[in-house]
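So the structure is just underneath, and the comments pick up after that.
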Amino acid sequence: MYRNLAEQRILITGASSGIGRALAKALALKGAHLAVAARTETALHELADEITGAGGRRPVILVTDLSLRGNAEQLAQRALAELGRVDVLINNAGVGCFGFQWNVGDGEEAREVYETNFWSPLALVRSLVPHMRERGTGLVVNVSSLMQLRTWPGLGYYASSKSALAAVTETLRLELQSSDIDVMELLPGPVDTQFLSESAQAPGAGHILRNLPIGTTDALAVAAVRAIEKGRRRLVYPGKLVAALYLPMLVRYKAARTVRKAGQDIDVNDPRVLRSGSNGDPIAQQARADWARAKQAS
Ligand code: NAP
């Protein structure tokens, strides 16, 4: 079924930067009425100004911290109150926690990854899908990651949170198959954002990124808008990496081989625990600031 975006009311999380920002702008310029959510209020206002400056409808700004249990449910209620209804839910907000398991364990950093990347999307589904079912139409887009197929020393929390999100996304689609509610999984590979710049600080991460195509947020947004309009089930971006989705064991085997090759460069005594996101630790903050400066200069 073709979805006319000009008729859609959309809640998108993680719209203050990167993929979410580009996607929000592309959807708004197609005429959608948006509620944009994240922690960084100034960035959301800048986005809203940019959208209205380009002729789009001003989005509703909803500041929230999705690493805290309970906030996702409140966010859904605020979005319903402001938009009247939510036709499309885009669970895009995401963070990583990079560090070896014997340093992080089940620490707060690790739990925040799961609250943001996994539990908050599920809380939003519980709050919004019943309304979609009542209306008999809707769409849930969950932004996972190709890292669900290819973990790495120190990246277990992020990779496993995205594997878990992918599994519940597939399950949700099966649960809703007798309805007209669509479920789409957006699987980005590496995309040039602040998140990628901080992920690159994790021990040995340079080896993962070597030889992989790096996409851009604008190109991803164009592909994602098309996929949302057409009601597609999955989108892998950059498209060159689509084989990974269909050959997961090969990808895992290749990753394990690369890890063995890269072994001597990965310092397993590195005690760093890198907290990502705009509230991240000094290493992540520095990586994000360097990325933003480099973008401004280019
Ligand atoms: P990004 O620029 O760091 O954007 C992350 C977004 O999530 C920001 O808007 C951030 O806003 C929001 N967010 C983070 N923690 C939050 C929290 N506790 N509460 C509310 N919002 C929060 O990174 P990105 O690359 O665009 O990532 C977007 C999504 O794509 C994530 O789910 C990520 O896992 C996924 N992904 C990215 C890549 C890549 O290579 N870039 C690859 C695969 C998957 P605030 O900091 O303002 O709260």
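None of the figures in this text is laboratory data; all of them are computed from the coordinates on show. Predicted, not measured: the structure shown is a model, and the values here were computed from it. Here the Cβ positions follow ideal geometry from the backbone for every residue, glycine too, while neighbour counts run over all protein chains shown.
Can you name the residue in segment 114-156 that is hydroxyl-bearing (S, T, Y) and farther than 22 Å from M249 by Cβ and, of all such residues, is nearest to the ligand (Cβ to nearest atom)? Talk me through it step by step, then tell me what you get.
Initial filter on segment 114-156 (hydroxyl-bearing (S, T, Y)): 114, 116, 120, 127, 137, 144-145, 151.
Then drop every residue that is not farther than 22 Å from M249 by Cβ, which leaves 114, 116, 120, 127, 137.
On the way: Y114: 11, T116: 5, S120: 7, S127: 16, T137: 25 Å.
Per the criteria, the residue is T116.
Scanning segment 198-216 for residues that are crowded, with 21+ Cβ neighbours inside 10 Å and hydroxyl-bearing (S, T, Y) returns a single hit, S199.
Residue count for segment 275-290 under the criterion of being at negative phi, surrounded by 14 or more Cβ atoms within 10 Å (Cβ to Cβ) and either of a type in the set (A, V, I, L, M) or near the ligand (Cβ under 9 Å from one of its atoms) (or both): the result is 8.
For segment 84-105, the tally of residues that are more than 23 Å from V60 (Cα to Cα) and touching a Leu at 6+ places or on another chain (Cβ under 6 Å) stands at 1. Output the number of the condition that V86 fails; it satisfies all remaining conditions of (1) within 16 Å of the ligand (Cβ to nearest atom); (2) in a loop (DSSP other than H, G, I, E, B). In the conditions (1) within 16 Å of the ligand (Cβ to nearest atom); (2) in a loop (DSSP other than H, G, I, E, B), V86 misses (1) alone.
Give the residue that is nearest to the ligand (Cβ to nearest atom), with candidates limited to residues of segment 181-221 that are in a helix (DSSP H, G or I) and among the polar types (S, T, N, Q). Going through the qualifying residues, I end up with Q194.
For segment 250-298, the tally of residues that are within 27 Å of T217 (Cβ to Cβ) and in a helix (DSSP H, G or I) stands at 20.
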